[in-house]
1. Just the residues that are in a loop (DSSP other than H, G, I, E, B) and open to solvent by 90 Å² or more (accessible area, probe 1.4 Å), please, taken from segment 122-164.
2. Give, as residue ranges, the strands (runs of 3 or more DSSP E) completely inside segment 1-103 that count at least 1 residues that are loosely packed, with under 10 Cβ neighbours inside 10 Å.
3. Find the residue count for segment 52-87, including only residues that are out of contact with any Phe, Trp or Tyr (no Cβ under 8 Å at 6 or more places or on another chain), under 21 Å from SER123 (Cα atoms) and among the aliphatic types (A, V, I, L, M).
4. Hey, can you tell me all the residues within segment 104-121 that are open to solvent by less than 50 Å² (accessible area, probe 1.4 Å) and either modelled with pLDDT under 95 or over 25 Å from ASP44 (Cβ atoms) (or both)?
Amino acid sequence: QGDATLIPHIHTDMAVSTNTIRVSELLKIVPSALFTMPEDIHADASVRLTANVRGDYSDSIMPIVSGRLYVSDAEGSIDSLPYTLTNVAGDAAFFIDFNGKNTSYALIDNLYAETKQSNVSISGRVDDLLGDMQLDMQFNLDVHLPDIQYFLPENITAEGQLKGLLNAQI
């Protein structure tokens, strides 16, 4: 029969739930070789995670991971833009199949953010998280038009308020 090579095989069925933690505190324990925040991006948030890990794990199979990520008290900015996102909050459910047998996706529930005198609520679905992502998103916009002046040519002045729903499929 010859030598049989044993392939380690672990069956997993775990539930994970975290306390709320600040991302800035979490990043302090992540080795810089794995992740470093670009110097021109400033962001922080409180996050909480609930997840299930189910299935087999070996050198050729990964378990399926599903759960929900909660974000609150978040803010962020990029040095080159005159905007700071504030009051960012929301949550998203996710399903990830690292084996590729099922499409991995995320369902975004009411992600909310403010900047200057404008705000947006976003909900929708992101399909194929591990491949060619497809987005089907709904935006509820309340935009103070002077807030977008930065993006307009100098000879155009924006005045007023834009409110409405925007659906986007990318």
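The values are calculated or read from the model by the stated rules, or taken from the named source; none is laboratory data. All of these numbers come straight from a predicted model, not from anything done at the bench. Neighbour counts are summed over all protein chains in view; Cβ atoms, including those assigned to glycine, are modelled from backbone coordinates with ideal geometry. We work out accessible area using only protein heavy atoms, side chains counted, and drop any ligands, DNA or RNA first. Shrake-Rupley method; radii C 1.70, N 1.55, O 1.52, S 1.80 Å.
1. Result: LEU130, ASP132, MET133, GLU154, ASN155, THR157, GLU159.
2. Fully inside segment 1-103 and qualifying: 10-17.
3. So the count comes out to 3.
4. Result: SER104, single match.
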